[in-house]
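Have a look at the structure below before the remarks.
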Amino acid sequence: MLFSNVTTTADNSLNSLKGMISMTSSIILATANAPMAKYFESQGFDSLYLDQNSVAAQLLGPNTDEALSLPEYAQYLKCMRTTTDVKLLAEAAPTFTDATSIADTAATLADNGADTIIINDFDAEGHPYTTLNFNKLLKQVSKRLAGTDIELMINLSGFETYGLKGIQERIKIARTANIDAITLSQLNIKALTAVAPLLAKSTDIGLCIDNNQLNFGTAQSLEPAFILDTYHPMIASNQWIQKTGESVITRIYMGN
């Protein structure tokens, strides 16, 4: 199986898939291709996140600086939808080319098989939305998806920019807008201490593992509603692309 190389490489980092399944908080892993999705599904995971960075690595090569277009990501999502029955999370990224608005992006992803749409609180230039514009954005997306079963998750990643107060303000806005879930990302150890009271025993706030400073044990100790892991699958995916790519080329052209 193609994914076997990835699991061998990432076993220590993932700290045993069976161990993660037994944790109190639900675990959502990022995925990049059908072999990864099928493997994670076979291990009992019922929700997977189609990370745009991992998709870009699959289509354009690892460590690419090129931005995906919305049609490219949406088509990839549509193909992934046919390979797995798990709940798929997709990102309405502001950086997609060929996209007119976040609301249109969300609608396109919903049409192509997403069960949950993740909305970021930063614009395409990397600036956080003001609370006023953030509120308007959520209303626009909610209105566009009204009447569907699509869930919305908000990703708050600006602790270093707007601090704990900014996170609290945006959580309040999201809850007022009846958003289904909130995830906190781009947090270092110091920031984790500050947001710990928000996570403890919350029913709608999760924590994103997106750097090597945060592991499952630390994340679990904060008692988030769920844990979204984008870091370990991305590392595994990049290693898989690099190693299998070199191996396949060698076998085909060099006869080894």
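The values are calculated or read from the model by the stated rules, or taken from the named source; none is laboratory data. Quick caveat, the model's predicted, so the values are computed rather than measured. Glycine gets a Cβ as well: all are built from the backbone with ideal geometry, and neighbour counts include every protein chain shown. Accessible surface areas use protein heavy atoms only, side chains included; no ligands, DNA or RNA. Shrake-Rupley method; radii C 1.70, N 1.55, O 1.52, S 1.80 Å.
Descriptive notes on the structure:
- Using a probe of 1.4 angstrom and keeping all protein chains present, the accessible surface of the stretch 26-254 works out to 46 square angstrom per residue.
- For Ile118, residues with placed amide H under 5 Å, excluding near neighbours: Ala90, Glu91, Ala92, Met153
- Legend: distances between Cα atoms for Lys38/Lys78; Lys136/Lys165; Lys143/Lys201; Lys87/Lys136; pairs beyond 22 Å are Lys143/Lys201; Lys87/Lys136.
- Stretchable slack from Glu169 to Glu151, in nm (0.36 nm times residue separation minus alpha-carbon distance): 4.4 nm
- Rounded to the nearest 20 debye, the dipole size of the stretch 107-227 about its Cα centre is 440 debye, using +1 on the Cβ of Lys and Arg and -1 on the Cβ of Asp and Glu.
- In order along the stretch 200-215, phi translates into HN-Hα couplings of 4, 6, 6, 9, 9, 10, x, 10, 9, 8, 10, 8, 7, 7, 10, 10 Hz, rounded to whole numbers, per the Karplus curve 6.51 cos²θ - 1.76 cosθ + 1.60 with θ = phi - 60° and x for Gly and Pro.
- Protection proxy ranking of 111-123, 201-213, by the mean of other Cβ atoms within 10 Å over each peptide's residues and highest first, is 111-123, 201-213.
- Distance-filtered residues of the stretch 160-188 - backbone nitrogen under 18 Å, label point 7 angstrom along Glu125 Cα→Cβ: 161-162
- The alpha carbons of the stretch 26-254 stretch over 59, 38, 33 Å along the principal axes, in descending order.
- In this Cβ point-charge picture (+1 for Lys and Arg, -1 for Asp and Glu), the stretch 26-254 has a dipole of about 360 debye about its Cα centre.
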